[in-house]
Structure formats: C-alpha cells, structure tokens
Amino acid sequence: STQSTGTTCSMQWLVLLAVLPLASPFQITVGLPLQNLDLLDTSFWRIADPSSPDYLRFLSLDQLGNMIGAHHHTIANTSAWLIGMGGHSLTVSPLRDTVTAEFDEDGSRAEGWIPSRHPGLESDFILRRDQQSSADHPPARNQLASSARSGTLGYTVSGQKQAYGIPADLTATNESTLQMVWGPGTFGYSVSELSAFKDSQVPLLNLDKVKFDTANHGHSGDNYMEGNLDTQMISAFGLNVSTLVSNTNTSTSTEEGNGFGQAMLDFLVSLSSRSQLPQVLSLSLGSLSARSCNMLCHKAADKGIAPDDCKKFIQQQRQVCMFMSEAEQTRINLALKLLGARGVTVFGSSGDGGAHFSFQKFEGGQIADVLNQVSCEYQLPVFPSSSPYIVSVGGTVGSGLFRPNLSKPKAWEGSGGGFSWLFEAPAHQADAIRQYLSTAPDLPPSSSYNKTGRAYPDISALAVEGTSQSSPIVAGIFSLLTDARLNQGLPPLGYLGPRLYTSYASHPHKGWTDVTSGSSATSCSNGFTSQQGWDPVTGLGQPIWQDLLQLFGSDRLATRS
C-alpha cells in the first residue's frame, strides 16, 4: 500500500453525543484526520472554476479516498482501540475518513456512554449512534399545513413559476437526475399531504418519484412541518425528478438543540462516502453559527449576564444555537467540500432573522433583553448558509400589499444575510463585495461585521414561509437545469459559486431579477440594504428561467467573455 504525505487535518478534537435513551446495540464512529487537504483545496477550486481546464471534472470516490484518506496506521490504531473496548463488526468508510464499530449494551457502561479520547489516538470527532428514539418531541408551534398557507397568501406554485418564467408543464426526463432534502428530529413528510398538495396546486407532481431515504419518516413536530415544506417545494419545482427525503437521526436533541450540529456532521460525512449521490441537495435547517453564539454570551457577560446562565438560556430557545463549536463547523465544511468535488450542488437557507437573529427577537426577561441588545449591536451570521461551499438562498416577496406581484420582488423582511466571522470570502465574491461596500448607503457600524468574510446570500426566491421555502425552490429549479445538462451528455454543475459570480459579471442583466428594495435590519436600527447588483439581503436576485437555461443548461456561456 502507498503512504500519502501532505497536510493533515488539524483542529480541536470533538466529542459528540446524541442525547438518547439507552439502546442496544449502538455504534461508535471515529472521524479520522485526513491527509493532503492542500491538494484537495487546489483540486476543488480547479473543478469549480469555469476558466480551469479541470472544470467539472469531478473526482470519483476512489480518487478522493486515495487523496485524503487517513493513514493506514491511523485506521489500524483506531480499530484496535475500538476492539479493545468491546467493539466489533468494524467498518471503514470508502473515503477512509471514519471507522465505525458496533457495541452491545451489557449494563456495565453509564447511560449514553461514549469513550474518552485516547491520548495517542488521532481523531477529529467521536460520535455515538443509538437505535432510533421514540421519545416525544415538542409539538409544532403552528399546525396549519404549509401547502394551505402558500395558497391562501396568494403565492401558488403556478404563480411563482409564472414570475420566474418556468413553463408549468416543464418536467424532468432523465432517470439519473436526483435531488435530496435532509433534516433530523421529526423531519419527514406526509404522503397524504403531498397528495393533497398535488391535487390543489401541482397536478403534474409525480408522487412515485418522492421516496424516503431511511426508515425515519418523521412525525408531528416543527421539523416535520419543515420536511413537508421542503418536500413540496423541491418536488413542485423539480417536477418528475427523483427525490429523496432524508432523516438520519431522530434524537430529540437534534430538533432544536446542539445535537443538531452532530446530526448534520454525521449525515454529511456519511453522504460524502455514498456510491450514489444526488446532484442537488437542499438544507433548510440551521442556526446562528458557533462564533455568533460565543459572541452573544461574551458580550452579554460585559453587561452582567453570567456566561453559564447565557448558554443555558440559549439552549432553551428553539434552533438558536445548534452547533457545538467552530471545529464542528470546520469539519462540516470539509464534508461539503468533498460533496462539491464529487459533483453535488448544495443549497442552504440564509436564515429568517435578517442580519441579527436566527429567527426573531429573544423573549423571557432580563437575559432576553440583554441578548436582544447585543444582537442589534452586531451582525450575527448563521450556519451552514455562511459556509463558502454552500449556495446560500435568501428570501423575496412580491411588491404590493393586497395583490403581491412576485414579478416585481422585494426582500422578505426576515431574509438572512451578512458576512461570516469564521470563513474568509472566496475570490469569486471579491468584486461583488467591493462594489456593495463602496456604494451601499447607511451601512451598519464597521465593527459590527467582518467585511472580509464569506458574504451571503448568493441568490434568492420566494420566502413567504421563510427561507426554508426559498432554498428547496431554487434547488428544484437547478435540478431541472441538471436534467437538461444530463440529457445533453454534460456533467452536473457541482459547487456553483464561481460560475454564479463570473456569469453575473459577464452577463449582469441575465439570470436574475434584481431586488433593490428591503433591509436585513428586522427589529434593529441597523442592517444591510438591498440595492442594484449583489447585496447581503437577496444576493444576485430572483431566478429568470430562460436566462438560467442559457447560462447553466449548457457550458457555452460558462467562461467570462
């Protein structure tokens, strides 16, 4: 066997645990430090750059495993450690980035046991997978069916397609086209509700093309409503595309607490090792980034709130701080990069709290009041949408109060956007960011955001039900573009960032309806404003189908003219 040399993944070690009732058997998965990350980074950007000779030459599972897979001695040492603790039936992932062992519960370990790190063992994370929990989840806050809400608010699917210029009868025809939505906890969809949605709004929706990815089909809860919305939107706009609805962790802690970050990490790391991948993945769920949450409690401490009280309060809030650490986010980023290198386009909701919140203001006494004050003093980005390896999707609504016209969009009032504190802006965003910061009126205080950070969102779509609606809408649209490409013998689009911005620079009036009205201030006195060109409220704008078909349905206009 050959030994690879190069950069080894260096980051804070993570121990991740899903808080579940004791179950038997269970699994322990160890995330291994990877090699040659500099080479991976170079290859990733060459694959994503339309001007590169390697553009869209995606890497196979074997090629990636040979490039970044852990050293054989690391795998051997990890395996021996797991066996020594009673592990058996070991499996090494195809990318050689994880080792998983089965354990039988014999009563000798504490509930929720997870092994402590061995001093000589190299690892990025350790997580435990229990048998799926049947624990009760909090009830959904609003049980009104999402399909009913969209229809009654005047934004039918047919009306949206008309605004975007998408033919109502346009359906995918290539059996290889595959799209996916994901979420944990109660995430899933109702077959009967999807059928009712088909009957009321989308008669061409092919119910047979929508399938569950795992045995977890979801049940009543906030994430179940999310799953229904995601499934309806991506299948309505990606008509006749094979659709996977995935829930890989039903733990209660993943519904709205920091078990979510573990579940997302586990899902993305596992997905990147699958032999068959979707060309398009939409991720609607997320929260404030770990850096934003740390900043909140740090600044709140300056105003008299004890850090432990702040952290406890935040974890009691729904989907506000769901990532355990910046190291966890960095490892999620690596998994997203691997997916991009294999040809997956990942879309993510930009958030529903403008530039300041995960969703809305805090409520509940003195701590809430202080956190609201801090939140309005800073622009607090969300994750994973602020990842450089996701296409971030903001939100629009139609102009007009009583009969909103989506053909003349304005920013949805909660559309999330801003600049990452953790991840630097990729090169393809430089011109757009420079143009915005040099021309935008009434910018927030410069100390309240990181002007060199990854800027988001990239694009936008209807978000009358939040950006959890806009992301699967755009994902479905790009599935149709992928279908057109596959029918021509072209590869999928993979990571879309560089091509989005180079095509906009070459054809500035093509592809997107510019959104020039709106702000990300929400309830605060400052925020970013929408204006001509890219902005951190609605990105480049709202889709125009025929333009997108020319820009992305073939590669004729792929490079800068």
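The values are calculated or read from the model by the stated rules, or taken from the named source; none is laboratory data. Values in this document were obtained by computation on a predicted structure and should not be read as measured data. Here Cβ is always computed from backbone atoms with ideal geometry, including for glycine, and neighbour counts include all displayed protein chains. Side chains included, ligands, DNA and RNA excluded: accessible areas come from the protein's heavy atoms. Shrake-Rupley method; radii C 1.70, N 1.55, O 1.52, S 1.80 Å.
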Peptides 519-527, 191-199 ordered by average Cβ neighbours within 10 Å, highest first: 519-527, 191-199
Computed magnitude of the charge dipole of region 390-462 (debye, nearest 20; Cβ of K, R +1, Cβ of D, E -1): 200 debye
Within straight-line cross-link reach of Lys198, lysines at Cα separation under 18 Å, skipping those fewer than 8 residues along the same chain: Lys161, Lys209, Lys211
Additional length obtainable on full extension of the chain from Asn174 to Trp113, 0.36 nm per residue less Cα span: 17.3 nm
Fraction of antiparallel bridges per DSSP, region 256-409 only, in percent to nearest 5: 40 percent
Size of electric dipole in the chain: Cβ of Lys, Arg +1 and of Asp, Glu -1, about Cα centre, debye, nearest 20: 1040 debye
Accessible surface ranking that places the most exposed of Trp412, Trp512 first, with a 1.4 angstrom probe: Trp412, Trp512
Magnitude of the charge dipole, region 34-121, Cβ model with Lys/Arg +1 and Asp/Glu -1, debye to 20: 240 debye
Whether the chain is rounded, prolate or oblate, judged on the alpha carbon gyration tensor where a/c under 1.5 counts as rounded: rounded
Sequence of Glu105, Glu111, Glu122 when ordered by accessible area, the most exposed leading, probe 1.4 angstrom: Glu111, Glu122, Glu105
In region 254-340, lysine pairs closer than 26 Å at Cα, eight or more apart or cross-chain: 4
Helix-only mean residue ellipticity at 222 nm for the chain, each DSSP H run of n ≥ 4 adding -39500 (n - 2.57), per residue, nearest 500: -10000 deg cm²/dmol
Sequence of Lys361, Lys299, Lys209 from largest to smallest accessible area, 1.4 Å probe: Lys361, Lys299, Lys209
Pairwise FRET efficiency - Ala327 versus Ala301, Cβ, R0 = 25 Å, nearest 0.05: 0.70
Qualifying aspartates and glutamates (Cα of each under 12 Å from Cα of Lys410; at least 8 residues distant if same chain): Asp514
Accessible area of the chain belonging to carbon and sulfur atoms, whole % at 1.4 Å probe: 50 percent
DSSP-defined beta bridges in the chain - what % are antiparallel, rounded to 5: 50 percent
Accessible area in square angstrom per residue, the chain, 1.4 angstrom probe: 37 Å²
Normalised contact order of the chain, rounded percent, pairs of Cα under 8 Å and 6 or more residues apart: 15 percent
Glu256 - accessible surface, heavy atoms, 1.4 Å probe, Å² rounded to 10: 50 Å²
Global size of region 459-561 as Cα Rg and Dmax, reported in angstrom: 14.8, 51
Span-rule helices in the chain, defined as complete DSSP H runs reaching 15 Å or more along the axis (Cα) with Kyte mean at least -1.0: 37-48, 72-84, 222-237, 259-271, 290-301, 326-341, 366-377, 467-487
Debye equation applied to the C-alpha atoms of region 238-326, log10 I(q)/I(0) at 0.12, 0.19, 0.20 Å⁻¹: -0.48, -0.90, -0.96
Cα gyration tensor category, rounded, prolate or oblate, for region 174-276 with a/c compared to 1.5: oblate
Within region 196-216: backbone nitrogen closer than 20 Å to the Gln27 label point (7 Å, Cα to C-beta): 212-216
